[in-house]
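To start, the structure under review is shown below, and the notes come after it.
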Amino acid sequence: MFDADSGTETGSGTESRSQGNHGFDPTSRLAARKQRGLRRNLSPAEDVTARTRFAPDPQGERPDFEGEGEKKLVFAANNYLGLAADGRIQRAAAEAAREVGTGAGASRLVTGDTRLHRALERDLADAKDTERALVFSSGYAANIGTITVLNPDVVFSDELNHASIVDGCRLSDAETVVYDHVDTAALADEMAAKASGGAEDERWLLVTDSVFSMDGDIAPLEALCDVAERHGAWIMVDEAHATGLYSDGGGIVQHEGLSDRVDVQLGTLSKALASQGGYVAGDEALVELLVNEARSFAYSTGLAPPAVGAAREALRLAREDKTREALWSNVERLREGLESLGYEVLGQTQVLPVLVGDRGDALALAAGLKERGIVAPAIRPPTVPAGTSRIRIAPMATHLDEDIERCLTAFEVAGEEVGLL
């Protein structure tokens with residue numbers, strides 16, 4: 001090493017490092033994940049349509065789709081309305097790039113706030129029945145930004161809430177009380193216990209997803225509002241897997257007529273709205289506070305104008321009944337078909353978790369489906385509890401009748417091979 005004061009060599013880098021090893025060992029950690037069956041690999045897709053080809057993980061090289069055979073049917077995407085490859089969405093994105101630019105160029109608090117951002121926020125606020133909305137760079141950023149700005153003393157969080165909610169709770173440094181999944185009575189007990197021993201001036205926040213992405217079930221929002229209001233707590237609902245799929249492009253909050261009872265509504269633009277980013281919707285004061293204090297908003301470049309343009313057009317299409325009707329028709333046909341084969345299908349939404357139970361059986365079933373041209377991954381521990389491994393099916397509005405039949409046939413044949421039917 002070189003001593004800047006004396007101008008002389010003081011020893012080799014090896015000698016200096018021999019005093020201790022304070023580095024990291026990614027190789028060993030990856031090996032440990034592989035040994036536990038937790039090693040993940042990327043699998044590049046040729047496009048984001050309902051039918052595509054996937055290349056083996058190329059690591060740092062270019063994906064090679066040659067030799068991968070016919071396109072596979074994708075029943076694993078959150079592109080619920082199938083709009084990510086829709087020509088109208090693509091044209092809206094291109095028009096935004098031409099008129100405004102390909103990137104916002106700065107934080108929205110500097111120069112990255114455009115008329116497009118404001119137009120999308122007005123449309124979102126209208127769909128969510130709120131005074132105002134604010135667009136973030138991702139749903140993840142929206143969650144951690146909002147929870148930390150609210151700075152609650154206590155957060156009551158459903159045990160299956162999304163990781164971004166969990167991380168928001170951690171970053172807020174609030175006391176987090178995790179209640180049993182969609183169990184309103186358990187939540188009521190937790191709040192009553194805190195009320196009996198807590199300070200009267202504590203700020204309480206109840207946070208829940210509306211649609212849970214691995215179980216396909218719905219939070220009992222009206223009952224949760226009743227419990228929260230009994231204690232004067234705020235309620236925050238993440239509509240990531242519901243935005244755009246219900247009446248007038250809203251989510252479960254709108255479907256159940258609860259817009260005036262939910263204090264904070266969040267969601268993403270990257271699922272049914274086929275774009276990128278997240279949003280928060282609420283009253284004017286809430287949004288202004290987020291503009292001023294949410295670090296994940298202030299210190300991120302504004303959402304790229306093409307993404308804004310795409311999301312706005314997707315929201316417009318989602319508010320048309322026929323766009324949603326095609327999805328719900330496919331959902332009903334798949335659920336009925338799978339249940340008629342003898343499978344147990346959880347939930348009551350567009351997410352169709354086919355319960356298998358055993359981890360090995362779920363992996364074998366997923367492999368059998370893939371051999372028959374169906375992409376539907378096995379979801380296994382630790383993502384879900386032990387003994388509840390499953391295949392998560394997510395149909396799109398753009399799947400054709402023959403696609404649904406092919407999926408059901410694959411489940412029948414592969415299920416028999418694995419010994420599940």
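Put a plus charge on the Cβ of each Lys and Arg, a minus charge on the Cβ of each Asp and Glu, and nothing anywhere else: the dipole of segment 87-318 about its Cα centre is then about 1460 debye. Under Stokes-Einstein, with the Kirkwood radius over Cα pairs as Rh, the value for the chain at 4 °C and 1.567 mPa s is 55 µm²/s. Quick one: check the C-alpha center-to-center distance for segment 338-381 versus segment 35-101, whole angstrom. The two parts, judged by their Cα centres, are 21 Å apart.
Over the chain, Cα pairs under 8 Å with separation of 6+ residues give a relative contact order of 20 percent.
When both bridge partners sit in the chain, DSSP labels roughly 55% of those beta bridges antiparallel.
Put a dot 7 Å past the Cα of ARG122, heading toward its Cβ, do the same for ALA32, and the two dots end up 5.4 nm apart.
If R0 is 22 Å, the Cβ-Cβ spacing of SER329 and ARG372 corresponds to a FRET efficiency of close to 0.45. Running a GNM on the chain with Cα contacts under 10 Å, which residue among ARG39, ARG380, ARG170 ends up with the highest mean-square fluctuation? Maximum fluctuation in the GNM of the chain, among the listed residues, is at ARG39. Please work out the FRET efficiency for the pair LEU355 and ALA298, using the Cβ-Cβ distance as r and a Förster radius of 45 Å; give the result to the nearest 0.05. Here the calculated transfer efficiency is 0.55. Helix-only estimate, please: 222 nm mean residue ellipticity of the chain, summing -39500 (n - 2.57) across DSSP H runs of length 4 or more and dividing by its residues, to the nearest 500. Taking each H run of at least 4 residues, the total per residue is -12500 deg cm²/dmol. Remark on THR301: its backbone amide H falls under 5 Å from none of the residues 5 or more positions apart or on other chains, H modelled at 1.01 Å from N. Across the options VAL351, LEU334, LEU317, the greatest Cα extent toward the positive end of the charge dipole of segment 313-355 (unit charges at beta carbon of Lys, Arg, Asp, Glu) belongs to LEU317.
Ranking LEU303, VAL211, THR102 by how far each Cα lies toward the positive end of the dipole of segment 87-318 (charges on Cβ) leaves THR102 at the top. Put a plus charge on the Cβ of each Lys and Arg, a minus charge on the Cβ of each Asp and Glu, and nothing anywhere else: the dipole of the chain about its Cα centre is then about 1300 debye. Across segment 261-366, the convex hull enclosing all Cα atoms gives 187 Å³ per residue.
Bear in mind that the values in this text are calculations on the coordinates, not laboratory data. Only a predicted model underlies this, so the values are computations on that prediction, with no experimental measurement involved. So basically every Cβ, Gly included, is an ideal-geometry build from the backbone, and we count neighbours across all protein chains shown.
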